[in-house]
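Every number in this text was worked out from the coordinates using simple rules, so none of it is lab data. Not measured: the values here are computed from a predicted model. As a convention, Cβ positions derive from the backbone with ideal geometry for all residues, glycine included, and neighbour counts pool all protein chains shown.
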Amino acid sequence: MKYFSLAIAVLFSLAAYWQLNDPDPGQWVAVYGMVAYVSVRYFFGGLRPIVALLPAVAIFVWWCTYIPAFADWVSQGMPTITGSMKAENEYIELTREFLGLLLAWVALATYAYLSRPGRTKDASLLDAA
């Protein structure tokens, strides 16, 4: 899991970089940058659970605001959201943001879980990798 964290850090750093040309880059660079930062902290050790948990909670609340848009996309038969980089319909942008927040939340929640006090390395199958 430790070296997997470096891969996560690289992927989320790239995601943050690619958001720089987005109409609203600040919030997305912050979200993806936070995941990259937490991943690096986990790799080097000393990650306190609260460092991952607080942004995970904030991202979860934000993610919940996208549920209606995601449900709308599903009700439309889940049309492609990858046809082009330009979002021709609102559901394309909102569904992509929904999924991006979901990935960030899962990563941060996982790091909060893995860095909790009293957890031994043998307690997780994820660390075997």
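Some notes on this structure:
- Coil-residue trypsin sites (Lys or Arg not before Pro) of the stretch 41-113, DSSP, other Cβ within 10 Å capped at 16: 86
- For the options 107, 58, 36, a Gaussian network treatment of the chain with springs between C-alpha atoms closer than 10 Å singles out 58 as fluctuating the most.
- Segment residue 74-residue 60, extension gain: residue separation times 0.36 nm, minus the distance between their alpha carbons: 3.0 nm
- For the chain, Kirkwood radius (reciprocal of mean inverse C-alpha pair distance, Å): 15.7 Å
- Within the chain, helix-based [θ] at 222 nm, where runs of 4 or more DSSP H residues each add -39,500 (n - 2.57), nearest 500: -22500 deg cm²/dmol
- Kirkwood Rh (inverse of mean 1/r, distinct Cα pairs), the stretch 63-107, angstrom: 10.7 Å
- Contact order normalised by residue count of the chain, Cα under 8 Å, 6+ apart, percent: 31 percent
- Separation of the residue 99 and residue 17 label points, Cα + 7 Å toward Cβ, nm: 2.2 nm
- Panel note: the C-alpha atoms of the stretch 1-49, placed on their principal axes, show extents of 35, 19, 10 Å (largest first).
- Residue order, fewest to most beta carbons within 10 Å, for 44, 12, 70: 44, 70, 12
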